[in-house]
Amino acid sequence: MSVLHNRVSNEELKARMLAETEPRTTVSFYKYFALDDAQAFRDNLYVQFLQCQVFGRVYVATEGINAQVSVPASRFDDFKAALYSAHPALDSVRLNVALDDDGKSFWALRMKVRDRIVADGIDDPTFNPSDVGTYLKAEAVNAMANDPDTLFVDMRNYYEYEVGHFENALEVPSDTFREQLPMAAEMLAEAREKNIVMYCTGGIRCEKASAYMRHQGFKNVYHVEGGIIEYTCQAKAQGLPVKFIGKNFVFDERMGERITDDIIAHCHQCGEPCDTHTNCRNAGCHLLFIQCPRCQVSYQGYCSDACQSELALPLEEQRERRRGRQTSMKIFNKSRDRLRGALHIPAPDENGSREQ
């Protein structure tokens, strides 16, 4: 029987990818549809994607599929054929092509079966995820953005919102999508008569969020079709003003796609305008944070003096300090208060500046 998962080290896989000369295209896609046997579907698709030399991250559940992948140019048609024929619901599924792509977004194919393709925490048997809000294309999005009776709601995490968002969009300040759903309904309770436009990176979160809001009795619910990625593609292709400002955070090695030249975030260490995410060099931390070039040099890629000094300790003491600490390559401190605490950043005053 074939091995249906990677058995090569990350270091070797990344080296192979960096040695490639053929250009790759990064795309994302999702689809909510019913799967009777998610594992069998996953295994079959894994074999086909492997034959097409696809890299990336794919999640499969009985409710559908969610994926971000990188495909060699010469195999793109084969990839589409494999995907479109994998299930009737996937025939001609929309592919969001990356806006700012160097082809180095992934270096391995990782495909997992999960309970949900988006962890939503919804256990109400009467919830209908297919009863979604009205899809909006770019021209309609812009019309809504100019309507004073419309509210834009960002269904992403704080670290995504921080570097880019639609003008005047509301942030739902929670740590997880499952927390965001009831919080959004509570925040908007007094705005039931307004138009509510929900958006996210590629559409998967805002589509489910729109269904949740309708389930909570909201009537005028919309969501941006294809999310920020598809909206930007449409707006630029049609010569429309782009209402999203800043950078679109993405969940791969790029960590962001430049949408406009606006830099609306600040370095988490000195406060200078900056929207470049990085992970702390300390393997026992790997905090995701924003660091400007000057602080990158002065802190040598660490998030704090504490992390920098920890590596000078004897190995046994380093291990003792890290014991029980949650670590991973992608730890996101999504709460602003927790992020400030980790970096010892004072909260901003009413004018937005930080006390030193």
* To do: Pairs to check: Lys14/Lys112; Lys14/Lys208; Lys112/Lys194. Give those whose C-alpha atoms are more than 31 Å from each other in this structure.
  => Lys14/Lys208; Lys112/Lys194
* Asked: In the Gaussian network model of the chain, springs joining C-alpha atoms below 10 Å, which of Val71, Val58, Val47 carries the largest mean-square fluctuation?
  -> Val47
* **Amide H contacts under 5 Å for Leu170, placed H, 5+ residues apart** => Phe152, Val153, Asp154
* Which of the lysines could a cross-linker span from Lys247 if the Cα-Cα distance has to be under 23 Å and same-chain partners fewer than 8 positions apart are dropped? -> Lys104, Lys137, Lys236, Lys330, Lys334
* Structure fact -> For the pair Ala191 and Asp175, the simple spin-label estimate (label points 7 Å beyond Cα toward Cβ) gives in nm 2.5
* Using θ = phi - 60° and Karplus 6.51 cos²θ - 1.76 cosθ + 1.60, couplings along segment 257-271 (whole Hz; Gly, Pro as x) -> 10, 6, 9, 10, 6, 5, 10, 9, 9, 9, 4, 6, 10, 10, x
* Structure fact -> Sorted by chain and then number, the residues having a modelled amide H within less than 5 Å of the amide H of Arg281, at least 5 places away or on another chain, are Tyr302, Cys303
* Inter-probe distance in nm under a simple model that places probes 7 Å from Cα toward Cβ, at Ala89 and Glu253 -> 3.2
* Structure fact -> A correct Karplus calculation of ³J(HN,Hα) over segment 156-171, with 6.51 cos²θ - 1.76 cosθ + 1.60, θ = phi - 60°, whole Hz and x for Gly and Pro, returns 9, 7, 4, 5, 7, 4, 4, 9, x, 6, 5, 4, 6, 5, 7, 9
* **Leu315 - accessible surface, heavy atoms, 1.4 Å probe, Å² rounded to 10** => 110
* Asked: For Leu13 and Asn168, what is the calculated FRET efficiency with R₀ set at 56 Å and r taken between the beta-carbons, to the nearest 0.05?
  -> 0.85
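Please work out how much length the chain gains when fully extended from Lys112 to Arg294, using 0.36 nm per residue of separation minus the C-alpha to C-alpha distance, in nm with one decimal.
Result for the pair: 61.6 nm of gain on full extension.
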* To do: Can you pull a Stokes-Einstein diffusion coefficient for the chain at 10 °C (1.306 mPa s), Rh from Kirkwood over Cα pairs, as a whole number of µm²/s?
  => 72
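Tell me what the chain gives for mean residue ellipticity at 222 nm when only DSSP H runs of n ≥ 4 count, each as -39,500 (n - 2.57), the sum divided by the residue total, rounded to 500 deg cm²/dmol.
Here the helix-only value at 222 nm equals -9000 deg cm²/dmol.
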* To do: Using label points projected 7 Å from each Cα along Cα→Cβ, tell me how many nm separate Lys80 and Cys233, to one decimal.
  => 1.0
* Structure fact -> Within the set Ser92, Ser210, Ser174, GNM on the chain using Cα springs under 10 Å gives the largest fluctuation to Ser92
* Asked: If you take the square roots of the eigenvalues of the alpha-carbon gyration tensor of segment 10-113 and sort them as a ≥ b ≥ c, do you get rounded (a/c under 1.5), prolate (a/b over b/c) or oblate?
  -> prolate
* **Net charge over other residues, Cβ less than 14 angstrom from the Cβ of Val60 (K, R count +1; D, E count -1)** => +2
* Pull up the cross-link candidates among the aspartates and glutamates for Lys31, meaning alpha carbon to alpha carbon under 16 Å and not fewer than 8 places away within one chain. => Glu63, Asp91, Asp115, Asp120, Asp131, Glu207, Glu225, Glu230
* **Among Asn248, Asn195, Asn44: highest mean-square fluctuation, GNM of the chain, C-alpha pairs under 10 Å** => Asn44
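The values are calculated or read from the model by the stated rules, or taken from the named source; none is laboratory data. Keep in mind that what you see is a predicted model, and the values were worked out from it rather than measured. Ideal geometry is used to build each Cβ from the backbone, glycine not excepted, and the neighbour counts take in all protein chains shown. All accessible areas refer to the heavy atoms of the entire protein, side chains included, with ligands and DNA or RNA removed. Shrake-Rupley method; radii C 1.70, N 1.55, O 1.52, S 1.80 Å.
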